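Each remark here refers to the structure printed beneath this line.
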Amino acid sequence: MNWYALYTRPRHEKKVYDQLMEKGVEAFLPLIETVRQWKDRRKKVQMPLFSSYVFVRIELKDRLRALQTHGVVRMVSFGGVPAAIPDWQIEQLRRVIRHPDTLQLETYLNEGDWVEIVDGPFRGIRGILRELRGETRVVINIDGIYQSASFVVDKALVRKIEGKESVK
């Protein structure tokens, strides 16, 4: 049996998790406590660490049982093959969420991603993320003259954006 990720409808993670448990499917939904602010009140709530994802441990041949759960959109796959998640990664996640005071969600960035600077003197600048000799750099292109320049930026100040069409 392997762990797999199910992609759920937005805000259906807890419902999907409960239904999977009722079906006898081993499931894992990492939750973190956060404070939500409404107009009239503040409240501590349990929120999924990863929005729209629930993990299941199943035999691949039994995946239909999990996929037929209300709120499940699909099983996460790459190239049409369901992506197995190693046991040690799930165990690491279980260990980390036991200490929520130290937990901080990070954006998954790869070299070549289109990014935007969210704070500091370069706020609003968009470009391509590049790692060079341990430095995080953002490359800005000047298409009209086929030239580029890059500058060093703290990775915490960068957020991923969708493709070049968002860079204006």
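Read the figures in this text as sums done on the coordinates, not as results from a lab. The structure displayed is predicted, hence computed values, not measured ones. Note that each Cβ is placed from the backbone with ideal geometry, even for glycine, and that neighbours are counted across all protein chains shown.
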Checklist entry - How compact and how long is the chain, expressed as Rg and Dmax of its alpha-carbon atoms in Å? => result 20.0, 61
Checklist outcome for this item: In this structure, the FRET efficiency calculated for ARG126 and TRP88 from their beta-carbon separation, with R0 = 25 Å, to the nearest 0.05, is 0.10
Item to check | Per-pair calculated FRET efficiency, R0 = 22 Å: VAL73 and GLU162 via Cβ, rounded to 0.05 | outcome: 0.65
Checklist entry - Between PRO86, PRO48, PRO30, which gets the highest mean-square fluctuation from a Gaussian network model of the chain, Cα cutoff 10 Å? => result PRO86
Checklist entry - Most mobile of ASP119, ASP40, ASP101 per a Gaussian network model of the chain (Cα springs, under 10 Å)? => result ASP40
Item to check | In the range 6-55, lysine pairs closer than 23 Å at Cα, eight or more apart or cross-chain | outcome: 6
Item to check | Value of relative contact order over the range 1-56, rounded to a whole percent, pairs C-alpha under 8 Å and six or more apart | outcome: 48
Item to check | Neighbourhood charge, 12 Å Cβ-Cβ cut-off, centred on ASP62 and excluding it, Lys, Arg +1 and Asp, Glu -1 | outcome: +3
Checklist outcome for this item: Any lysines whose Cα falls less than 21 Å from that of LYS160, other than same-chain ones fewer than 8 residues away, would be LYS168
Checklist entry - When the chain is modelled as a GNM with alpha-carbon springs shorter than 10 Å, which of ALA83, ALA156, ALA27 fluctuates the most? => result ALA156
